[in-house]
Amino acid sequence: MWFRKIYILSELLRFKSPAPSAPRYVNTLKIKTMKSFLLKNIFLVSILVLTGCSAFQSGTGDNWVGFTESGQASFYADKHVNHKTASGELYKHGLKTAAHKKLPFGSIVKVTNTQNRKSIIVKINDRGPFVKGRIIDLSRSAFTIIGNTSSGVINVKIEVIQ
């Protein structure tokens with residue numbers, strides 16, 4: 001749709017001669033003003049489109065190392081076994097993986113249960129959780145190491161270590 005708008009704008013820019021019935025100085029001024037306005041807008045739209053289509057993912061790299069967050073952790077339900085995660089990997093209960101809303105895929109995170117001080121190292125390979133108050137979804141095996149699955153959720157602190 002925006003291609004059509006740019007095409008129409010480019011056609012307007014090629015228009016040079018004023019209408020024969022109107023005074024020449026009025027139309028010439030309007031055309032120059034319109035061309036200037038259109039050129040500025042085309043430039044602005046081009047910049048916005050190019051930056052919006054950037055392949056660079058903000059927040060990647062080492063700037064996440066040391067990031068900490070506290071909140072509740074839950075674990076994946078059985079129905080998710082062997083389904084693809086957001087990173088494309090298959091979810092398996094036995095792997096030490098987790099889902100986080102913002103951390104880059106492949107981030108290594110230390111998750112510590114704030115009540116018993118047990119901790120586990122997991123790899124981020126999915127997005128979520130999408131429940132208010134929860135900051136991380138752990139695989140079942142990771143969750144059982146630091147907490148009891150019968151509780152459903154536990155209070156944790158997470159720290160990005162790699």
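The values are calculated or read from the model by the stated rules, or taken from the named source; none is laboratory data. Just so it is clear, the model here is predicted, and its values are computed rather than measured. Glycine also receives a Cβ, built like all others from the backbone with ideal geometry; neighbour counts cover every protein chain displayed.
Just to verify a result, which residue in region 44-85, among those that are among the aliphatic types (A, V, I, L, M) and in contact with a strand residue (DSSP E or B) (Cβ under 9 Å, 6 or more places away or on another chain), is modelled with the lowest pLDDT?
VAL81
State which residue is farthest from the chain's Cα centre (by Cα) when the search covers only region 83-118 and only residues that are part of a loop (DSSP other than H, G, I, E, B) and hydrophobic (A, V, I, L, M, F, W, C).
Only one residue fits best here, namely LEU95.
So, in region 63-90, exactly how many residues are among the hydroxyl-bearing types (Ser, Thr, Tyr) and closer than 21 Å to SER151 by Cβ?
Selection size over region 63-90: 3.
Out of region 136-162, which residues are buried (at least 22 other Cβ atoms within 10 Å of the Cβ) and closer than 12 Å to HIS100 by Cβ?
The answer is ILE136, ASP137, LEU138, VAL156, ILE158.
Can you find even one residue in region 117-135 that is in contact with a Phe, Trp or Tyr (Cβ under 9 Å, 6 or more places away or on another chain), among the charged types (D, E, K, R) and within 12 Å of SER74 (Cα to Cα)?
No, that holds for no residue.
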